[in-house]
Amino acid sequence: MEGKGPLASDFDVILPDLAMGQRTPERAETKILEEACNIALSAANLKPEDLEYMLAGDLLSQIISSSFAARQITAPYLGLYGACSTAAESLILGAMLIDGGFADTVLAATSSHYQTAERQYRYPIELNIQRKVTAQVTVTGASAAILKSQGTGPRITCATVGRVIDLGIKDSSDMGSAMAPAAADTLFWHLSDTNTRPEDYDLVLTGDLGRVGTVMLGEVLKDKGIVLGPNYNDCGLMIFSQDQDVGAGGSGCACSGVVAMGHIYKSMLRGLIKKVLLISTGALFSPLSFQQGETIPGIAHALVIEQA
């Protein structure tokens, strides 16, 4: 489905199907992530032994997709879990390792898969449960980026680590609304700390709030005195076209990952945009916490990517 959307030409690989020749969706997700990491290494003319760290995470219990992919990449590995914010989290931590002098070459990666996420967080797709209008479709894909201490860019120049924000939402089919308050909080503190305005960026991009979450983001930001202009967009709205059956839009770790490392990265190389504020969002809940009636906390991490 992602390969039939408006950003298809900026993806390095479009998968022939969801199975990737594997007998389970979980194995397919691992294979997709392995392939993304190998593509990034090849593009940078690197081998796995050149990596000082691999930072990766996904949506599955015990982040098995990332850990199983790491056994093939064989680099020193730090597994991460930030739900759908993991794309930004891995990039931020990788940049911090390099900026602190602890590494020169870091791989930051993440993945998600529609079938694996559906049966872990909702229902197996074989049950054909009708999707709520507020529900989003998990993006099937993987992103990987090589961060280095030197190079021609684009560069990560700034980051704001988010706080866990919970406004009491319990509907697992409305994660956009659960994540929007965290996105608003992180954006507020980023602008305050850096003394910038939304219009100072060519693009302000949230991770996967979708149609419902972006509306709520606007409402929350009004209370903070912030109004987003035409330079704002959401990865969950960009990755699919309006005529695709995707409910409220896209979601998942790969959502902001493949949009940022695919379309946004290549747009920067083409000179179309020079300064991007990426705010990846995540819903920090589990099947167990949902079954026990817990609310869904949200998290959002922001980073600035610039091309000289």
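Of all residues being over 18 Å from the mean Cα position of the chain (by Cα) and among the β-branched types (Val, Ile, Thr) in segment 125-164, which is farthest from residue 106 (Cα to Cα)? Just the residue, please.
For segment 125-164, the residue satisfying everything is 129.
Considering only residues that are touching a Phe, Trp or Tyr at 6+ places or on another chain (Cβ under 9 Å) and at pLDDT below 95, which ones fall in segment 212-223?
none
Could you check segment 228-269 and list, in sequence order, the residues that are part of a loop (DSSP other than H, G, I, E, B), aliphatic (A, V, I, L, M) and either free of Cβ contacts under 8 Å to residues at least 24 places away in the same chain or surrounded by 19 or more Cβ atoms within 10 Å (Cβ to Cβ) (or both)? If you could, list the steps in order and put the result at the bottom.
Within segment 228-269, the first condition is being part of a loop (DSSP other than H, G, I, E, B), and the residues that meet it are 228-231, 239-246, 248-249, 252.
Filter once more, so that each one left must be aliphatic (A, V, I, L, M): 228, 239, 246, 248.
Listed by number, the residues that qualify are 239, 246, 248.
Read through the list (1) at pLDDT 95 or above; (2) in contact with a helix residue (DSSP H, G or I) (Cβ under 7 Å, 6 or more places away or on another chain); (3) crowded, with 21+ Cβ neighbours inside 10 Å, then give the number of the only condition that residue 161 fails.
Going through (1) at pLDDT 95 or above; (2) in contact with a helix residue (DSSP H, G or I) (Cβ under 7 Å, 6 or more places away or on another chain); (3) crowded, with 21+ Cβ neighbours inside 10 Å one by one, residue 161 breaks only (3).
Pick from 112, 66: which is buried (at least 18 other Cβ atoms within 10 Å of the Cβ), farther than 23 Å from residue 173 by Cα and outside the structural domain of residue 173 (by TED's automatic domain parsing)?
66
Considering only residues that are within 27 Å of residue 266 (Cβ to Cβ) and assigned to a loop (DSSP other than H, G, I, E, B), which ones fall in segment 124-146?
139, 140 - these are the residues of segment 124-146 that are within 27 Å of residue 266 (Cβ to Cβ) and assigned to a loop (DSSP other than H, G, I, E, B).
Being free of Cβ contacts under 8 Å to residues at least 12 places away in the same chain and of a type in the set (A, V, I, L, M, F, W, C) narrows it down to one of 92, 165, 125, so name that one.
Details: 92 fails: free of Cβ contacts under 8 Å to residues at least 12 places away in the same chain; 165 fails: free of Cβ contacts under 8 Å to residues at least 12 places away in the same chain.
Answer to the selection: 125.
Residues that are modelled with pLDDT under 95, under 28 Å from residue 8 (Cβ atoms) and part of a loop (DSSP other than H, G, I, E, B): does segment 102-123 have at least one?
Checked segment 102-123: at least one residue is modelled with pLDDT under 95, under 28 Å from residue 8 (Cβ atoms) and part of a loop (DSSP other than H, G, I, E, B).
How many residues does segment 23-52 contain that are charged (D, E, K, R), more than 23 Å from the chain's Cα centre (by Cα) and either crowded, with 22+ Cβ neighbours inside 10 Å or under 14 Å from residue 106 (Cα atoms) (or both)?
Quick first cut of segment 23-52, residues charged (D, E, K, R) only: 23, 26-27, 29, 31, 34-35, 47, 49-50, 52.
If we keep only those that are more than 23 Å from the chain's Cα centre (by Cα) as well, we get 23, 47, 49-50.
Next cut, either crowded, with 22+ Cβ neighbours inside 10 Å or under 14 Å from residue 106 (Cα atoms) (or both) only: 47, 49-50.
Summing the residues that are charged (D, E, K, R), more than 23 Å from the chain's Cα centre (by Cα) and either crowded, with 22+ Cβ neighbours inside 10 Å or under 14 Å from residue 106 (Cα atoms) (or both) in segment 23-52 gives 3.
Restricting attention to segment 189-205, does a residue exist that is part of a helix (DSSP H, G or I), within 12 Å of residue 280 (Cα to Cα) and modelled with pLDDT of 95 or more?
Among the residues of segment 189-205, not one is part of a helix (DSSP H, G or I), within 12 Å of residue 280 (Cα to Cα) and modelled with pLDDT of 95 or more, which makes the answer no.
Any residue in segment 274-281 that is farther than 13 Å from residue 203 by Cα and in the same structural domain as residue 230 (by TED's automatic domain parsing)?
yes
Please enumerate the residues belonging to segment 23-66 that are out of contact with any helix residue (DSSP H, G or I) (no Cβ under 6 Å at 6 or more places or on another chain), over 18 Å from residue 252 (Cβ atoms) and without any contact (Cβ under 8 Å) to a residue 40 or more places away in the chain.
23, 38, 42, 45, 47, 49
Identify all residues within segment 147-158 that are surrounded by fewer than 19 Cβ atoms within 10 Å (Cβ to Cβ) and assigned to a loop (DSSP other than H, G, I, E, B); write none if there are none.
Kept after step one, since they are surrounded by fewer than 19 Cβ atoms within 10 Å (Cβ to Cβ), are these residues of segment 147-158: 148-153, 155, 157-158.
Passing the criteria: 149, 150, 151, 152, 153.
Being surrounded by fewer than 22 Cβ atoms within 10 Å (Cβ to Cβ) and charged (D, E, K, R) is the filter; apply it to segment 167-188 and report the residue that is modelled with the highest pLDDT.
Filtering segment 167-188 for residues that are surrounded by fewer than 22 Cβ atoms within 10 Å (Cβ to Cβ) and charged (D, E, K, R), the one modelled with the highest pLDDT comes out as 185.
The values are calculated or read from the model by the stated rules, or taken from the named source; none is laboratory data. Just so it is clear, the model here is predicted, and its values are computed rather than measured. Neighbour counts are summed over all protein chains in view; Cβ atoms, including those assigned to glycine, are modelled from backbone coordinates with ideal geometry.
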